[in-house]
Amino acid sequence: MSRIKDLQKYIHKTLGKSTEDPKEFAKWIAHLHGVALAAALIAKKRGEDPEIATMAGLLHDVEAYQAGSYDDHAHLGAELAKKILEELEVTTPEETAVIYSAIYH
């Protein structure tokens, strides 16, 4: 399985536990995938790695959805993204740092 598919599977499973409302879950997934696609297109246009941009887009709001709050979600989200990426072992430390920075800022 590709690392993006591994990450998608993890996010879907994790967020599925965060809500019992199928409409809310679908909204979250649609948003994350939409941002991931937009990030990939922007990265490609700028000569950056679209795969890394896709991962950042997929992860950018996971913490906010789990917490039910957008309070400080960029900083908290970056920390959660780093933990997820390290747990899944789908990125190098350098790639993790890029994704962390993209979400944090």
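For this structure, a couple of remarks:
- Complete set of residues in the stretch 68-81 that are part of a helix (DSSP H, G or I) and either loosely packed, with under 14 Cβ neighbours inside 10 Å or acidic (Asp, Glu) (or both): HIS75, GLU79
- Taking the criterion of being within 14 Å of ARG3 (Cα to Cα) and loosely packed, with under 13 Cβ neighbours inside 10 Å, the residues of the stretch 82-105 that qualify are GLU86, GLU87, GLU89, THR92.
- Here TYR65 passes the criteria (1) closer than 14 Å to ILE99 by Cα; (2) of a type outside the set (A, V, I, L, M); (3) surrounded by 16 or more Cβ atoms within 10 Å (Cβ to Cβ) except the one numbered (1).
- Of the criteria (1) of a type outside the set (A, V, I, L, M); (2) assigned to a loop (DSSP other than H, G, I, E, B); (3) open to solvent by 60 Å² or more (accessible area, probe 1.4 Å), which one SER18 fails: (3)
- Of all the residues in the stretch 32-58, those that are open to solvent by less than 70 Å² (accessible area, probe 1.4 Å) and either under 12 Å from the mean Cα position of the chain (by Cα) or modelled with pLDDT under 95 (or both) number 14.
The values are calculated or read from the model by the stated rules, or taken from the named source; none is laboratory data. Computed from a predicted structure; not experimentally measured. Cβ atoms come from the backbone with ideal geometry, glycine included; neighbour counts cover every protein chain shown. These accessible areas exclude ligands, DNA and RNA; they are computed on the full protein's heavy atoms, side chains included. Shrake-Rupley method; radii C 1.70, N 1.55, O 1.52, S 1.80 Å.
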